[in-house]
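Presented below is the structure to which this report refers.
The values are calculated or read from the model by the stated rules, or taken from the named source; none is laboratory data. Only a predicted model underlies this, so the values are computations on that prediction, with no experimental measurement involved. With ideal geometry, Cβ positions are generated from the backbone for all residues, glycine too; neighbour counts draw on all protein chains shown. Just the protein is used for accessible areas: all its heavy atoms, side chains included, with ligands, DNA and RNA removed. Shrake-Rupley method; radii C 1.70, N 1.55, O 1.52, S 1.80 Å.
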Amino acid sequence: MYCKTMAETSDIYEKVMEVARRRGFVWPSSEIYGSIAGFIDYGPLGAMMKRNIENLWRSFYVFQEGYYEIECPTVGNEAIFVASGHVKEFADKMVQCPHCGEYLRADHVAAENGIENAGTLSSGALQAVLCELPCPACKEHLGEAGVFAFNLMFETTIGPGSQRKGYLRPETAQGIFTDFPRLLRFYRDKLPFGAVQIGKSYRNEISPRQGMIRLREFSQAEAEIFVHPDEKDHPAFHRYADYAAPLLTIARQIDNQEPAGITMRAAVDEGLIANEYVAYYIALTHQILTAIGVDPAKLRFRQHLTDERAHYAADCWDAEVFSGRFGWVEIVGIADRTNYDLRSHAGHSGTSMTVFVPYDEPKRVMKRRIVADMGVLGPRFRGRAKAVADALAASDPGEGGARITLDGEEIFIPADLYQVREEEVEIRGEEVMPHVIEPSYGIDRMIYVALEHSYAEEEVDGEMRKVLRLPPAISPVQAAVFPLMNRDGLDAIAQTIAERLTRCRILAQYDDSGAIGRRYRRQDEIGTPFAVTVDYDTLEDNTVTVRDRDSMEQVRIPVERLPEVLSALISGAITFHELRA
RNA sequence: GCAUCGAUGGUCUAGUGGUAUGACUUUGGCCUUCCAAGCCAAUAGCCCGGGUUCAAUUCCCGGUCGAUGCACCA
């Protein structure tokens, strides 16, 4: 009865999650009261690994790129999300069939019945259309079933009396946009600049059934980079110009082709990627994802199809990682969002969201000014005189006078009530509304794919060895320290070594329980890259063995060199193989 | 959200209208000079709520979580 292929594909997920649960990476949240789908706890090792991944991300975006991190509340007032479009757009119009109780997407039912532009109809219009249509489940007429919006944002109220509506943010980005004027000051009024935020976001998913992949509370790492709309060349593009990444362009998707490895320079030159900024962050993302242990052979960058991408976006690429369980999973979205967000917030808030960009040389232009004769206008228009003068200034006067419109009333102003002056004005620059380049990372998904891709089973002496081949930089524990025997003072030496390593900020775990082989296996399973063993030779010459998780090979080094050697191994400054040589 | 199926120590599992099998793990002890060795012992379990019944882990209903299909996925 059960589909065998499904059982096989879910294998890797089951295995990874079994280890993750048992060893303290990921747990169902509030398990003792019954967990709720879409919420997870990170256990001790998971929380450590998550922090390591976030720090690796920081090392790129904050340290390399110089985009400072900010931290905004997860609860935002309604106005933010009205402006961002989430209140209106981040919702599905739904209808419940009065006969069978089925929940349906109202616009989909309409579209299936040949209604044009069903997706753009208002709730009221949909309601009218749906009355006569049959429920796709039970075929009865939907009748007066009410169309309601199911918004994916969690709603809350702020303050006593619950007067004020708030939402849990569905993305961290809005906090950066709403701080734009402050950030602009912070970066001393110059483009380009960027800000990043790592934090929780919330989406009340209808049916989150994909474990760690689709969560209702999840962590994002987002960067918003504000650039001049006409200057989308990245100042450090040379860093990734020759970096090749597998690109699944729109054309290749239409032709059903595989992604092609292509350098960023070529991709921009050939117009495959909209600009250097987008290309730059595609390459940087490739670097980050492979650094956390994603298999490069299972990584691709897929360009959003024209109808898939938001109408305001100039270009959008998803970093997709292949999961044995979920297929190609979107991990990162990299979009050129143009000035959509800033324009929207400027409009709704009335706050200027522009940057004054001075010209190299101030421009002198002849400008025609229309100056009203207030001495006459004042008495004639009284309270409206100022408005008339302003309208006049913006008008285009004809021969005998100017026609202006004020409060819907057309007024003719004779030419003798104003002067037209041709003046030379100096223009020092212009107000520019920046465009936004947005790389947006799903941290939880990064953690899952890092675990899945690093999970390995191999046979050693007839026994199965489970090992997480995590890159040392993201392994929750970086070194294990064992006494070969739990006696003859070996244990005391090993404990001293473990303490010394932790003082050097290498997270080391001491373990003297059970046979040495068992202890190696325990650490293999949680991805600890290196294990130090104190043996009887240590008593003679003060050397210990360092064992490499992946090759299970060992090398002897003096105890005093341990912090230095392990640090180099963990940072990748040297490889274990080079150490052995 | 609907439909089908499932849920037994930490993990994987056997089984049952009369409180539960085995293995692994874990802890303590013995042993052990580098990859889950051996011996002894201990800890620990029937998803939650209601119903039927003298008695429910088992049967029924509802819920939660998970798998699958449909729907959904800004």
Accessible area of chain A divided out per residue, in Å², using a probe of 1.4 angstrom: 50
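Mean separation of Cα pairs under 8 Å and 6+ residues apart, divided by the residue count of region A:477-580: what relative contact order is that in percent? Could you put the intermediate results ahead of the total?
On the way: 165 pairs, mean separation 27.4, N = 104.
Answer for region A:477-580 is 26 percent.
What number comes out for the charge environment of A:Arg368, summing +1 per Lys or Arg and -1 per Asp or Glu over other residues with Cβ under 9 Å away? Could you put the intermediate results ahead of the total?
Values: positive: A:Lys367, A:Arg369, A:Arg421; negative: A:Glu422, A:Glu423.
Residues close to A:Arg368 contribute a combined charge of +1.
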Relative contact order of chain A, defined on C-alpha pairs under 8 angstrom at six or more residues apart (%): 12
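Roughly to the nearest percent, how much of the accessible area of region A:363-482 is carbon and sulfur, given a 1.4 Å probe?
Numbers: 2760 of 6050 Å².
Within region A:363-482, the accessible surface is 46 percent carbon and sulfur.
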Principal axis box of region A:477-580, alpha-carbon based, largest edge first, Å: 35, 28, 25
Isotropic mean projected area of the C-alpha convex hull, chain A (nm²): 40.5
Inter-centroid distance (Cα atoms) of region A:378-414 relative to region A:301-352, Å: 45
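What is the sum of charges around A:Val388, taking Lys and Arg as +1, Asp and Glu as -1, for the other residues whose C-beta is under 14 Å from the C-beta of A:Val388?
Details: positive: A:Arg380, A:Arg382, A:Arg384, A:Lys386, A:Arg403; negative: A:Asp373, A:Asp390, A:Asp407, A:Glu409, A:Glu410.
In short, 0.
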